[in-house]
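Every number in this text was worked out from the coordinates using simple rules, so none of it is lab data. Predicted model only: the values in this text are computed from it and were never measured. Here the Cβ positions follow ideal geometry from the backbone for every residue, glycine too, while neighbour counts run over all protein chains shown.
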Amino acid sequence: MQNYKDLKVWEKAHEFTLKVYDITKSFPKEEIYSLTNQLRRAASSIPANIAEGCGKNSQADFANFLNIGLGSANESEYYLLLSKDLLYLKSEIFEILNKIINEIKAMLIALINSKSKL
C-alpha cells in the first residue's frame, strides 16, 4: 500500500479532472445529463481508480485498478474529441487537454508495466 497523493500520475490526473470540470461549465445546458456528465465521470474515474488501487494489498490488484484508470483515460480522450467536433471546445483548449490526457495515459502504462514485472 502507498499514498496515492505521492504519485505524479495521480496528481496530473487530479489536475486534469479539475480542468475538465472547469471547461464543461460552458457546455450547453442540454448536455448537463449527457456529455458533460460523461466527460466529468470519465475524468474523475482516473484519479479515483489510482487512489483505490493504492489501497489494495497486492501489486496485481493495484495494476488492475491502474488498468481501469487507463480505460477511463481513453474514454475521456474520446469525449474530448467529441466535444471539439460538436464545437463545445475550442481547438486550442482541446489540444491542451488532449496533450495532458495522453501524458496521463503514458504514465499509467509505464506504472502498469512496472507493477506487472514484480
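The table below lists the values:
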| quantity | calculated |
| --- | --- |
| Angle between the chain longest axis and helix 35-54 axis [Cα atoms, degrees, rounded to 10] | 10 |
| Peptide ranges 14-26, 38-50 listed from the most packed, as the mean C-beta count within 10 angstrom indicates | 38-50, 14-26 |
| Reach of residue 8 by Cα under 26 Å, taken over lysines that are not fewer than 8 positions away in the same chain | 19, 56, 99, 105, 115, 117 |
| Segment 1-15 versus segment 61-118: alpha-carbon centroid distance in Å | 14 |
| Nearest 10 degrees, 0 to 90: helix 8-24 Cα axis against the chain principal axis | 20 |
| Environment charge of residue 90, counting only residues whose C-beta is closer than 15 Å and scoring Lys/Arg +1, Asp/Glu -1 | 0 |
| The chain: relative contact order as a whole-number percent, Cα under 8 Å and 6+ apart | 30 |
| Over segment 11-50: Kirkwood hydrodynamic radius from C-alpha pairwise inverse distances, Å | 10.2 |
| Cα Rg, Dmax, the chain, angstrom units | 14.6, 47 |
| Distance-filtered residues of segment 1-29 - backbone nitrogen under 15 Å, label point 7 angstrom along residue 110 Cα→Cβ | 7-13 |
